[in-house]
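What follows is one structure encoded as structure tokens, with my remarks underneath.
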Amino acid sequence: MPNLIEPAAPTSPDEYRRLARDIFRELIEIDTTDRAGDVTVAAQAVQRWLLEAGFADEDVHLAGSHPRKMNLVARMRGTGARGPLLMLAHLDVVDADPAEWETPPFSFVERDGFFYGRGTTDQKAMASIWTANLIRMRREGIEPDRDLILALTADEEGGEHNGARWLTQERRELVDAAMGINEGGFGRMKGGRRISNNLQASEKVYLDLELIARGTSGHSSLPTGDNSIYHLAAALGRVAAHAFPVQLGEVARAFFERMSRIDTGLGDDMRALLAGTADADADAIARLTAVPQYHGMTRNTWVATRLDAGQSNNTIPQAARAIVNCRLLPGETPDEMERRMREVVADDRIEVRQAFAARPSPPSPLTPEVMDAVESITEQMWPGVPVVPVMGIGATDSRHFREAGIPMYGVSGIFLDVDDVRAHAPDERIAIQSYFEGQEFLYRLVRALT
């Protein structure tokens, strides 16, 4: 077994651990990649599990905008005393090259205390847990005071048929909820020690800016200074050198306040940041932002990710293009980032335009209802482990529901080793103990919120 803190946290009864594992195995062994896979097959598998468990046909739906990209939405009816609780996960996964894996990526392999397979951490673990826990609550005869809505969606990782966006825009009645739980917050573990149980309450905004440099085309034997590649290269050098100012929102402040009690190495720098004195302390800023996660939580960021120029080796191209991927702090707008890019590039020969911009989504409030439940259950299962609010520096489907006015919270109770994160990487895996602890955590959390 993996080297977690002993004693291990409580897990669900054997019957429901077996159920979750069986569902997990079936989902892992279905290829749900955008290019060659079929999310609908996975959604149909979950539909079968739920119908066999006694859920009514009218409460289990397949809905979507593409035959291979159908979403599963199921409802466990409660008393209706409060608005529904949404339980969200995505069924699609990123591509996996079998040549890069020690185990077949679409086979469910149990080895050395881990479950291996594409999607074990991102995000079929949560999809299988939600399904198993919903069946458990039905078997136990629980009548919650609010409806429970399970939504397992397509194209979170990419593709043209994002299920979360489609459901909120086209079938809002299926997923309308008072609040929801999704990925985005995991337990952090290092060297066998649990550090924190993170709760994601906001996300940065995704933006792609395209830079198009223009120059004089011609034969490579007659070079001039008006070269589109050189213009673009110089502009990207200025982009790389640009430093964004530090900005702290509510969630980031809560994160650093709590982490300052845990991180013995950078705790003083975090306290200086919170006190506002770090602006005058370049060393403190440098130490904090050397940690990529901390850098992303305190600043807007951008980075060049794609380049394209030329059609032959002996022709000077008329145009050269680059994509700069930006991640915006809550409250920032794509238009403002485009304006800043023009200022930094400072070259009329280069066009700057938005290639893709996600709509900004508001942070979810850190309400006592949510915080008290997460903190209480975390203390029950892992005494002494703090709950730390975080801002997601990547992107999840929570943003679509936040845009629709539904507060979303990313928390799973699944602890991952910060030095062994394999989502989107070869030999993706999840510790078996962590998986089953997460199953019990999410069961208790839903019970506490209903």
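The values are calculated or read from the model by the stated rules, or taken from the named source; none is laboratory data. Keep in mind that what you see is a predicted model, and the values were worked out from it rather than measured. Cβ sites come from the backbone with ideal geometry, for glycine too, and all protein chains shown count toward neighbours.
Residues being closer than 30 Å to Val390 by Cβ and at pLDDT 95 or above: count how many of those fall in region 211-243.
Counting residues in region 211-243 that are closer than 30 Å to Val390 by Cβ and at pLDDT 95 or above gives 4.
Which number in (1) free of Cβ contacts under 8 Å to residues at least 40 places away in the same chain; (2) touching an Asp or Glu at 6+ places or on another chain (Cβ under 6 Å) marks the one condition that His161 misses?
(1)
Table: residues versus (1) among the β-branched types (Val, Ile, Thr); (2) assigned to a helix (DSSP H, G or I).
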site: Arg238; (1), (2): no, yes
site: Val246; (1), (2): yes, no
site: Arg253; (1), (2): no, yes
site: Thr264; (1), (2): yes, no
site: Leu288; (1), (2): no, yes
site: Leu307; (1), (2): no, no
site: Gln311; (1), (2): no, no
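Right, Leu62: among the hydrophobic types (A, V, I, L, M, F, W, C), within 21 Å of Glu173 (Cα to Cα) and part of a strand (DSSP E or B) or not?
Judged against the criteria, Leu62 is a match.
Each row is one residue, and each column tells you yes or no for (1) out of contact with any strand residue (DSSP E or B) (no Cβ under 8 Å at 6 or more places or on another chain); (2) assigned by TED's automatic domain parsing to the domain that holds Leu445; (3) surrounded by 13 or more Cβ atoms within 10 Å (Cβ to Cβ).
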{"residue": "Arg340", "(1), (2), (3)": "yes, no, yes"}
{"residue": "Val345", "(1), (2), (3)": "no, no, yes"}
{"residue": "Ala355", "(1), (2), (3)": "no, no, yes"}
{"residue": "Met371", "(1), (2), (3)": "no, yes, yes"}
{"residue": "Val374", "(1), (2), (3)": "no, yes, yes"}
{"residue": "Thr378", "(1), (2), (3)": "no, yes, yes"}
{"residue": "Gly384", "(1), (2), (3)": "yes, yes, no"}
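Please go through region 397-425 and give me each residue that is in a loop (DSSP other than H, G, I, E, B) and buried (at least 22 other Cβ atoms within 10 Å of the Cβ), ordered by number.
Asp397, Ile406, Val411, Ser412, Gly413, Ile414, listed by residue number.
(1) closer than 26 Å to Arg165 by Cα; (2) aliphatic (A, V, I, L, M); (3) out of contact with any Phe, Trp or Tyr (no Cβ under 9 Å at 6 or more places or on another chain); (4) at pLDDT 95 or above: which one isn't true of Ala81, the others all being true?
(1)
From the list Arg48, Arg75, which one is touching a residue at least 24 places away in the same chain (Cβ under 8 Å), surrounded by fewer than 22 Cβ atoms within 10 Å (Cβ to Cβ) and assigned by TED's automatic domain parsing to the domain that holds Ile149?
One residue alone meets the criteria, Arg75.
Any residue at all in region 307-318 that's surrounded by fewer than 20 Cβ atoms within 10 Å (Cβ to Cβ) and either within 23 Å of Ser412 (Cβ to Cβ) or of a type in the set (Ser, Thr, Tyr) (or both)?
Yes, that holds for at least one residue.
It is to be established whether one or more residues within region 246-257 are over 23 Å from Leu366 (Cα atoms) and of a type outside the set (Lys, Arg).
Within region 246-257 (the criterion being over 23 Å from Leu366 (Cα atoms) and of a type outside the set (Lys, Arg)), the answer is no, since none of the residues qualifies.
Can you tell me which residue in region 19-53 is farthest from Pro105 (Cα to Cα), limited to those that are assigned to a loop (DSSP other than H, G, I, E, B) and in contact with a helix residue (DSSP H, G or I) (Cβ under 6 Å, 6 or more places away or on another chain)?
Among those residues, the one meeting the criterion is Ala53.
Residues being free of Cβ contacts under 8 Å to residues at least 60 places away in the same chain and in contact with a helix residue (DSSP H, G or I) (Cβ under 7 Å, 6 or more places away or on another chain): count how many of those fall in region 90-140.
1
Could you list, in sequence order, all residues of region 266-286 that are among the small types (Gly, Ala, Ser) and assigned to a helix (DSSP H, G or I)?
Scanning region 266-286 gives Gly267, Ala272, Ala275, Ala278, Ala280, Ala282, Ala284, Ala286.
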